[in-house]
Amino acid sequence: MAETSFDVLIIGSGPGGYVTAIRAAQLGFKTAVVERDYLGGICTNWGCIPTKALLRSAEIFHYLQHAKDYGLKADNVGFDAGAIVKRSRGVAKRLADGIAFLFKKNKVQVIWGEANIDAPGKVTVKAGKSEAPKGALGPGSYQAKHIIVATGARPRVLPGLEPDKKLVWTYFEAMVPPSIPKSLLVIGSGAIGIEFASFYRTMGAEVTVVEVLPQILPVEDHEIQTFARKSFEKQGIKILTNAKVTKLDKKADSVTATIEEGGKTQQITAERVISAVGVTGNIENLGLEKLGVKTERGCVVIDGYGKTNVPGIYAIGDVAGPPMLAHKAEHEGVVCVEAIKGLHPHPMNKLMIPGCTYCAPQIASVGLTEQAAKEKKIDIRVGRFPFVGNGKAIALGEDQGLVKVIFDKKSGQLLGAHMVGAEVTELIQGYVVAMNLETTEEELMHTIFPHPTLSEMMKEAVLDAYGRVLNM
């Protein structure tokens, strides 16, 4: 007879859910994960991982087109859209298969279907959307002392801009195009919108981005987004800010968008439209409302340890609110299950969560922006270092970028770091570690950075904040 009772039951197998399950198993909990669609959730199958595969193809295509800049020859450079998509899907499948292996290795039981919480400690699972993997349990009633909701989020839909999967896409359709459209309108300039704008522009599409707020990449430091915007526009991306799409008129193979900007109205026709206006938490059909679980703005309300207001029910990741990032979900899940175990972990500190956008140029940040620090009335020191002053960046042919750091003038505490340029998504963790260790400017100045590397700019920016920059 199949086992139906567990210590910890997690609803959702995305980055938050599967990492939480593994950590729970490591801590000795009898653990199960309920999944209705695909192991690894959106991030592994339709988000973080396959988009990076697409962007890598675009990056290599860009370099091939500019081979002569490196003393190389590459004639008749082209691409196969189907092969690009196939590679991306293969990468996603490889990661999803890896999660199945990790579950088996850690003795985490998979339950295939849609979960509904009947009461604290009790879950009913109905049939899922797809065929259950080998070894998974099926529909039925299950019990668990601790139920963790990790159901993630889905694309937000605005009235009048509803995706139809053919002409108006969400990130699902944008990731598997049958061909590269000649023209594209992207609604929204957050990470998802900008990454797709960057990919399709590199592949040759005429791209227009419409953002309702005054700046693109709204969560980023103003100086960084200004630098990025100039770079995008230089590449040929048309950007409209303080603008709103009010209507979409669909034709046989194109869409005409009516856009309001500065009191004026214009129309733009594009072959395809990507709606990237954010995501909303998957809180419906879980039984949360009848149990009295508190929600706010489409997300479950939790404390710093994943606890909801109902004992025995927890929430982590996108469904528990912004920032809606895979690594936030993973860390939040580990904190949650370690707290359940009684290990007294540190609560989630959202100021320590790095954000990365994998467009060209890349953007990465952590902590307070300059404007946020000023709004808090903190006396600050700001340091900057441009890529053009770095030998490795010049050798790479990637000399356009900026590293910016923000310090508390009184204490020397590193409050924030913001970067735009080549490989900054790989560099930002250095500042994240520094902030977690409560590093001061003096300690960073005394740290020896290897030469020649892009990372040297991180130290130079610190030196600049204190009037000691060496290579500028």
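The values are calculated or read from the model by the stated rules, or taken from the named source; none is laboratory data. Because the structure is a prediction, the values reported are computed rather than measured. Reconstructed Cβ throughout: ideal geometry from the backbone, glycine too, with neighbour counts over all protein chains shown.
Across the range 340-378, the qualifying residues are those that are without any contact (Cβ under 8 Å) to a residue 60 or more places away in the chain and crowded, with 19+ Cβ neighbours inside 10 Å, and the one among them that is farthest from Arg201 (Cα to Cα) is Met348. When the range 126-183 is filtered for residues that are buried (at least 20 other Cβ atoms within 10 Å of the Cβ), aromatic (Phe, Trp, Tyr) and under 24 Å from Cys299 (Cβ atoms), only Tyr171 remains. Filtering the range 167-221 to residues that are of a type in the set (A, V, I, L, M), under 25 Å from Gln371 (Cβ atoms) and assigned to a loop (DSSP other than H, G, I, E, B) leaves Val212, Leu213, Ile216, Leu217, Val219.
A quick yes/no check of all residues on (1) farther than 29 Å from Gly278 by Cβ; (2) in the same structural domain as Val19 (by TED's automatic domain parsing):
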{"residue": "Lys328", "(1), (2)": "no, yes"}
{"residue": "His331", "(1), (2)": "no, yes"}
{"residue": "Ser365", "(1), (2)": "no, no"}
{"residue": "Ala373", "(1), (2)": "no, no"}
{"residue": "Lys376", "(1), (2)": "no, no"}
{"residue": "Phe407", "(1), (2)": "yes, no"}
{"residue": "Gly412", "(1), (2)": "yes, no"}
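If you check Lys230, Lys182 for being closer than 17 Å to Thr269 by Cα and over 21 Å from the mean Cα position of the chain (by Cα), only one passes: Lys182. Within the range 238-267, residues that are without any contact (Cβ under 8 Å) to a residue 24 or more places away in the chain reach partners that are acidic (Asp, Glu) with beta carbons closer than 7 Å, at six or more positions or on different chains, in the pairs Thr256/Asp249.
What are the residues in the range 379-391 that are part of a loop (DSSP other than H, G, I, E, B) and either hydroxyl-bearing (Ser, Thr, Tyr) or buried (at least 17 other Cβ atoms within 10 Å of the Cβ) (or both), if any? Walk me through how you get there before you give the answer.
Within the range 379-391, the subset part of a loop (DSSP other than H, G, I, E, B) is 379, 390.
Listed by number, the list holds a single entry, Asn390.
Lys122 - would you say it is surrounded by 13 or more Cβ atoms within 10 Å (Cβ to Cβ) and without any contact (Cβ under 8 Å) to a residue 60 or more places away in the chain? So Lys122 passes the test. Of the residues making up the range 1-48, those that are on the phi > 0 side of the Ramachandran plot and surrounded by 22 or more Cβ atoms within 10 Å (Cβ to Cβ) are Gly12, Gly40, Gly41.
Taking the criterion of being in a strand (DSSP E or B) and out of contact with any Lys or Arg (no Cβ under 8 Å at 6 or more places or on another chain), the residues of the range 409-426 that qualify are Gln413, Leu414, Leu415, Gly416, Val420. Annotation note: of Leu9, Leu54, the sole residue that is at pLDDT 95 or above, in a helix (DSSP H, G or I) and touching a Phe, Trp or Tyr at 6+ places or on another chain (Cβ under 7 Å) is Leu54.
If the condition is being crowded, with 21+ Cβ neighbours inside 10 Å and part of a helix (DSSP H, G or I), then the range 267-300 contributes only Leu288.
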